[in-house]
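The values are calculated or read from the model by the stated rules, or taken from the named source; none is laboratory data. Since this is a predicted model, take the numbers as computed values, not measurements. So basically every Cβ, Gly included, is an ideal-geometry build from the backbone, and we count neighbours across all protein chains shown. SASA here: full protein model, heavy atoms, side chains in, ligands and nucleic acids out. Shrake-Rupley method; radii C 1.70, N 1.55, O 1.52, S 1.80 Å.
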Amino acid sequence: MAYLTVRNATKLFGESVYALRDVSISVESGEFFTLLGPSGCGKTTLLRSIAGFHDLTSGDISVNGSDLGRIPPHKRDIGMVFQDYAVFPHLSVFDNVAFGLKPRKVPAHEIKKRVPEALESVHLTALAKRLPAAMSGGQQQRIGLARAMVINPQLLLMDEPLSNLDAKLRIELREEIRDIQRKVGIATIYVTHDQEEALAISDRICVMSEGHVEQIGTPEEIYGDPQTRFVANFVGTINQLKRCPKLEEVLGMLGLSEVDASAKNASWSVRPEALVLSELAQPASGGAVAEFSGTVQKYTYLGREAHLFLNTAFGEIVVHVANPARARKHDQGETVSVRLNRQALFGFDADGARITTGKAPREGTI
Amino acid sequence: MRLPGFWTLVLVFAWTLLFILLFVPLGTVLIASFIDKVGEPTLNNYITFIESARLRRAFVNTLVVGFAGLGGALVLGTIMAFCLTRFQIAGSRFVSMLAILALVSPPFIGAYSWIVLFGAGGVFRTFLREFGINMPTIYGVSGIVIVFSLKFYPFVYLLVSGALSNVNRSLEEAAEGLGLTPWQRTMKITFPLVLPALSAGGLLALIQAIADFGTPRLLGRGFNVLATEAFTLYSAEVGSNPSMATTISVILVLLSMFFVLVQRFFLRRNVYHGNLINKPIKIRLKGWKNLAAHLAVYAIGLAGATPVIISIIFSLRRTSGPVFQSGFALQSYERIIFGLGDVVRNSLTFSASSVILIVIIGTLIGALVARKTTLNTSLLDGALMIPFVMPGIVIGIAYITVFNTGPLVLTGTALIIILSIFIRRLPYTVRTTSSALRQIAPSMEEAAISLGYSPFQAFAKITVPLIVPGIIAGAMLSFITAINELSSSLVLYVGSTMTIPVRIYLLILDGDLGTAAALSSILLILSGAAVYIAFRFLGRNEQALL
Ligand SMILES: Nc1ncnc2c1ncn2[C@@H]1O[C@H](COP(=O)(O)OP(=O)(O)OP(=O)(O)O)[C@@H](O)[C@H]1O
Ligand SMILES: [Mg+2]
């Protein structure tokens, strides 16, 4: 049974602002669960409801099988890292972090041990004695992080805890968070709108939009098998293929014409890295393959990979070429031919839901 | 959210208090203004008001000195704020201290000092006459406007300089980057951002100017305003007309209320929350610009503090009876010690008692208003605006009307004076507490709660330490207002409950300027001490003085 379950949570602000609509999630114990979605989609609202700072309009939340509804927030033993840090300005960094240990009756000598450890893990040891008032956003954020983790709560909620850090520190700390979380085994709900961060750190990701859940799944499922057009667009980049005779032809080659015809107003898209330049393709391993051509608009070399912007019958399309060093540089105006297989194509119906194409999508590569 | 029992009690108590100390007195005044001398309902008072040339003139005069004083305060305050926040001024702390002196000095000593300098026998005028220059006296409208401008500019200065130093420099830099000239930048970016502060400061100045009684009374010489008319009609031995006085009171309240509403209406959308990542810097001016900026702030600062300086000097002058002699002596202080000790004691006990009441009750109501937002608390918050627009003279007249007979007779007691001060200052404390509480992000307490503290513990451990300095500072400011309060006490006092300001007022009327100066100096020292304590708790936060 899941450790935390949120069932049919709906939260209405005022008369008409639905911050959450019928959200159901479940988090296993020890799981690192990420809420991913654009600004305003209800991530904070969901976290705050779990922490007990919002009463749900309807729906219920339970931890370990017991309903949280009647437990006041301070008895829930849920650590929270706040989006606006909520660092206590009148307490030193050390006292901020030690704050949550006192009501837990942690003996003084242990406080003296645990707090420096926590500060160490967020790289704040040097600031322990200082007041946080004049500290940078990133420093305050890390105080909040240390303060929530040091209490070893039964559930840890983090609302964009790394949003204010520079790229390097962000990656360093997210690994740190992940390691600590694994070591202690706290079930954690992590909020972010950074898809790369979400993919890197999560056991499972819940993609939200406008207050509802779009898809819940492992990073691989979210990225490789998006169930809605929103997810495909929000996580990673996607090439939307314009409807044209060439598309019919490609669908025909891949045996998808019937699927296309049966779904009304289907639209098709493909990830840039699922497209392969024909010149680099290995001999087809079974499976249907289609080919189309395009003229190079721009070639961007990024070291690890190169982005090739093509003008094709489907409109402008990006192809990601892995290991560009092994390939040729492509000049503007050159014509290239591109291959894709059946699994690479994602079809979505008029409502944005994924069309099943009849075959497991991640099976086989070109 | 359900109100816990305790807060329900606070709510009930607050409404009861407002009912007894505000609605009943105000209602009585309102009703009295519609009743004639024999007790019949009538509109005659209002008709008389419109028909009487004298009262019409008082009405116009009130507006004239109000707006002229407002204009002066806006100009002086803005110049001062701009120069001190944007340019490097030598001795800027001294200058802003001068502004604070002007702010905490009782209004009527301004009038008094200008009389000493520029009155009929004024020092400065006499001096100029020796050179054959015949300067006009300070009496009349021009004198009142000068005193108002110099007395009220600190409101504008403090609020605007607060806003100016909170304008995120990035905004101005962005405007500069977009190619705006410094002038365009000031008008298009800076001005709109400080407009709320500017108008709030202006409103304070306007309302105080309309309500001021001491200045027009001492400097007016036949120039009447509504506040002086109300007082005269109420207290004159011959020709007194209390019901007419209540009519004028009602009109005064409506007038102030009107201006508050106008200001609120025009600024209803302009609330900016700056985040102070990039603080403004002060430019070092060069050449004549530097000189001009220094001259401007020092001239304004010194002129505003003149009353203070004058009263201290004159309190030390040798006197014979009420007449000043050459040389210095402590005679005036001796007279106070031997003859006026009870007046000083009265002032101290009345002020201290009202401040204690204000702090306890104001903080509770402030917390209630900030934390339990319901229709009821919003109404309470709104009702607390009323004392803000009630001139002291109106409170005085209202209290003496209500507490003279009936279930609660308080006339002639110390309590009536304490309560009158209490109700006038209560809204400020409620406001500062509730806004201080609102400034503490709710997530702060939530963080404590999520760490395992009960809501009450979270309040006590996080919120209280953050607002206590503000509460203490607020108490000191209430003390300053309380101890300097003249107009309501003037209506309410009897021989045994005379306070320092009342005594000063009477001494000036008697022409005993030496003793008046000494009493004023004592007031100043007490106010100064309170400012000092407030700054100790708040850091040097001048905006908090409002
Ligand atoms: N207290 C509130 N009153 C009214 N509306 C609210 C309140 N809190 C949130 N909302 C609205 O609910 C929606 C979801 O807000 P929420 O804060 O949960 O978004 P979020 O996903 O955390 O966004 P972000 O990534 O910007 O933090 C938004 O449209 C927001 O305006
Ligand atoms: Mg959020």
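Would you mind listing the strands (runs of 3 or more DSSP E) fully within the stretch A:1-73 where at least 3 residues are of a type outside the set (S, T, Y) and away from ligand 2 (no atom under 16 Å from the Cβ)?
Hits in the stretch A:1-73: A:4-13, A:17-27, A:58-63.
Please find, within the stretch B:461-473, the residue that is farthest from the chain's Cα centre (by Cα) out of those that are among the aliphatic types (A, V, I, L, M) and at the interface with chain A (Cβ under 8 Å from one of its Cβ atoms).
B:I462
Of all residues in the stretch A:17-47, count the ones that are within 7 Å of ligand 1 (Cβ to nearest atom) and over 16 Å from the mean Cα position of the chain (by Cα).
3
For the stretch B:212-240, give me each residue that is open to solvent by 20 Å² or more (accessible area, probe 1.4 Å) and part of a helix (DSSP H, G or I).
B:R217, B:F231, B:T232, B:L233, B:Y234, B:S235
Conditions tested, residue by residue: (1) assigned to a loop (DSSP other than H, G, I, E, B); (2) charged (D, E, K, R); (3) away from ligand 1 (no atom under 16 Å from the Cβ); (4) farther than 23 Å from A:G30 by Cα.
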residue	(1), (2), (3), (4)
A:E110	no, yes, yes, yes
A:K129	yes, yes, yes, yes
A:R142	no, yes, yes, no
A:I151	yes, no, yes, no
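Just to check your reading of the model, which residue among A:D84, A:D95 is free of Cβ contacts under 8 Å to residues at least 60 places away in the same chain and more than 8 Å from chain B (Cβ to nearest Cβ)?
Result: A:D95 is the single residue among A:D84, A:D95 that is free of Cβ contacts under 8 Å to residues at least 60 places away in the same chain and more than 8 Å from chain B (Cβ to nearest Cβ).
Quick one: how many residues across the stretch A:58-73 are within 8 Å of chain B (Cβ to nearest Cβ) and open to solvent by less than 20 Å² (accessible area, probe 1.4 Å)?
So the count comes out to 0.
Is at least one residue of the stretch B:179-191 open to solvent by 20 Å² or more (accessible area, probe 1.4 Å), in contact (Cβ under 8 Å) with a residue 40 or more places away in the chain and in the same structural domain as B:I115 (by TED's automatic domain parsing)?
No, every residue in the stretch B:179-191 fails to be open to solvent by 20 Å² or more (accessible area, probe 1.4 Å), in contact (Cβ under 8 Å) with a residue 40 or more places away in the chain and in the same structural domain as B:I115 (by TED's automatic domain parsing).
It is to be established whether one or more residues within the stretch A:131-138 are more than 14 Å from chain B (Cβ to nearest Cβ), open to solvent by 70 Å² or more (accessible area, probe 1.4 Å), over 17 Å from B:G452 (Cβ atoms) and in contact with a Ser or Thr (Cβ under 8 Å, 6 or more places away or on another chain).
The answer is no, given that none of the residues of the stretch A:131-138 is more than 14 Å from chain B (Cβ to nearest Cβ), open to solvent by 70 Å² or more (accessible area, probe 1.4 Å), over 17 Å from B:G452 (Cβ atoms) and in contact with a Ser or Thr (Cβ under 8 Å, 6 or more places away or on another chain).
Find the residue count for the stretch A:74-92, including only residues that are in contact with a strand residue (DSSP E or B) (Cβ under 9 Å, 6 or more places away or on another chain), open to solvent by 40 Å² or more (accessible area, probe 1.4 Å) and within 16 Å of ligand 2 (Cβ to nearest atom).
The qualifying residues number 2.
Of these, A:A200, A:A284, which one is more than 16 Å from ligand 2 (Cβ to nearest atom) and at pLDDT below 90?
Going through A:A200, A:A284 in turn, just one is more than 16 Å from ligand 2 (Cβ to nearest atom) and at pLDDT below 90: A:A284.
From B:S326, B:S378, grab the single residue that is surrounded by fewer than 17 Cβ atoms within 10 Å (Cβ to Cβ), not assigned by TED's automatic domain parsing to the domain that holds B:E485 and not in a loop (DSSP other than H, G, I, E, B).
Unique residue meeting the criteria: B:S326.
Check B:I47 against each of (1) of a type in the set (A, V, I, L, M); (2) buried (at least 20 other Cβ atoms within 10 Å of the Cβ); (3) over 24 Å from the mean Cα position of the chain (by Cα) and name the one condition it does not meet.
(2) is the only condition that B:I47 fails.
Based on this model, can you work out whether B:A398 counts as farther than 30 Å from B:P242 by Cβ and of a type outside the set (F, W, Y)?
no
Among A:T188, A:T192, which is the only one that is within 16 Å of ligand 2 (Cβ to nearest atom) and open to solvent by less than 20 Å² (accessible area, probe 1.4 Å)?
None of the other options fit; the residue is A:T192.
Those residues that are of a type in the set (S, T, Y) and within 26 Å of the chain's Cα centre (by Cα), I need them from the stretch A:59-102; list them, please.
Correct list: A:S62, A:Y85.
Taking the residues in the stretch A:105-130 that are of a type in the set (K, R) and surrounded by 14 or more Cβ atoms within 10 Å (Cβ to Cβ) as candidates, determine which candidate is farthest from the chain's Cα centre (by Cα).
Out of the qualifying residues, it is A:R130.
For the stretch B:140-149, state whether one or more residues are among the β-branched types (V, I, T), assigned to a helix (DSSP H, G or I) and open to solvent by 50 Å² or more (accessible area, probe 1.4 Å).
Scanning the stretch B:140-149 turns up at least one residue that is among the β-branched types (V, I, T), assigned to a helix (DSSP H, G or I) and open to solvent by 50 Å² or more (accessible area, probe 1.4 Å).
Residue-by-condition table, conditions (1) of a type in the set (A, V, I, L, M); (2) touching an Asp or Glu at 6+ places or on another chain (Cβ under 7 Å); (3) open to solvent by less than 60 Å² (accessible area, probe 1.4 Å):
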{"position": "B:L70", "(1), (2), (3)": "yes, no, yes"}
{"position": "B:V75", "(1), (2), (3)": "yes, no, no"}
{"position": "B:M80", "(1), (2), (3)": "yes, no, yes"}
{"position": "B:I100", "(1), (2), (3)": "yes, yes, yes"}
{"position": "B:Y112", "(1), (2), (3)": "no, no, yes"}
{"position": "B:Y153", "(1), (2), (3)": "no, no, yes"}
